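K.L.:
First the structure, which I've put down as C-alpha cells, then a few questions once you've had a look.
The values are calculated or read from the model by the stated rules, or taken from the named source; none is laboratory data. This one's a predicted model, so the numbers in the text were calculated from it and none came from an experiment. Cβ placement follows ideal geometry from the backbone for every residue including glycine, while neighbour counts extend to all protein chains displayed.
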Amino acid sequence: MSQHRPSRINPDTLPVLVLAVLLTAGLAAVSFAISYAALREVSAWAAVPVTLSWAVPVMLDAATVVYLLAVLVKRARGERARGAWAALALWTAVSVVANAAHAADVPEPWQRAIGTVVAALAPVAVLLAIHTIADLITARTDAASATEPDTDTVAASAGTDDQADADTTPDSTDADSPSGTTAAGPKDVRRHTSPRPRTRGRAVEHRDAILRLAAAGKSGYAIADEIGISKTAVYELLRREAVTA
C-alpha cells in the first residue's frame with residue numbers, strides 16, 4: 001500500500017513565480033504611494049517649487065529601485081557591487097529619515113536641516129546615476145576580466161595538447177631510459193589537472209598492449225583510460241599501425 005504524501009506548493013513553478021512578482025510589485029507600489037505623499041511635503045523644506053514637488057520622492061524612492069537593479073546585474077555578472085549597495089543604503093536612509101521626520105512633525109530647525117540635505121543630494125544623484133549607467137553598459141577591461149579563463153579557450157587548449165601528444169615521434173624518447181629523458185636533456189614535464197597521471201607521448205612503449213586491447217574490441221578511449229596515456233596518442237598509433245599493415 002503506497003504511503004500518502006500531503007500536497008505541497010512547489011515554489012519552482014511559473015504560477016508561484018508570477019504570484020510572487022505581482023505581490024511584490026503591489027507592495028512596492030503601495031509603499032511608494034505612502035512615501036510619495038510624505039516626501040512631497042518634505043520638498044517644501046528643501047525650498048523646491050510646488051511644480052517640482054513630485055521630483056523629490058522620485059529622486060529618493062525611484063533611485064532605490066535603480067540601484068537595486070544595478071546590484072542584481074552586478075551579482076549576475078559576478079562583479080563587486082559595493083558602490084551600488086552604498087548608494088542604495090544612502091538613498092534608503094535619507095528616505096526613511098525624511099518620512100519619519102514628516103510623520104513626527106519635527107520642529108522648523110530640523111525641517112530646514114533635512115531640507116538642506118535633500119536639496120544637496122540632487123547633484124549627488126546625478127553623479128551616481130551617470131556612474132551607474134557607465135558601469136553597467138561599459139565592458140570591463142581590468143586585469144581580473146582580462147585574465148579570466150574562457151571555457152572555449154580552455155577546451156581549445158586541451159585539444160591542442162592532445163594533438164601535441166600525437167605529433168610526438170617515437171624516436172624522440174630513449175626507450176632504454178625509464179625516466180623519459182632524451183638526448184637533448186630531461187623531458188619537459190607538464191602539470192595537468194587530470195585526476196590520474198598520464199604518460200604523454202609514450203604510446204610506442206605500450207604498442208603491444210594497445211594492439212592487444214584493440215584486437216579484443218576495446219575502444220581507443222577505453223585503451224587510453226586503462227593504460228594511462230592520451231587517447232589521441234592511442235588513435236594515432238592505431239592509425240599508423242593500420243597504414244603499415
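K.L.:
Need pairs with beta-carbon distance below 6 Å; first residue exposed (fewer than 12 other Cβ atoms within 10 Å of the Cβ) and within segment 75-94, second assigned to a helix (DSSP H, G or I); sequence gap 6+ or separate chains.
P.N.:
Every condition considered, no pair remains.
K.L.:
To continue, here is another question. Restricting to segment 128-147, what's the tally of residues that are surrounded by 10 or more Cβ atoms within 10 Å (Cβ to Cβ) and either modelled with pLDDT of 90 or more or not in a helix (DSSP H, G or I) (or both)?
P.N.:
Restricting attention to segment 128-147, the residues satisfying the condition of being surrounded by 10 or more Cβ atoms within 10 Å (Cβ to Cβ) are 128-133, 135-136, 140, 144-145.
Add one more test, that the residue is either modelled with pLDDT of 90 or more or not in a helix (DSSP H, G or I) (or both), and what stays is 140.
Total meeting the criteria: 1.
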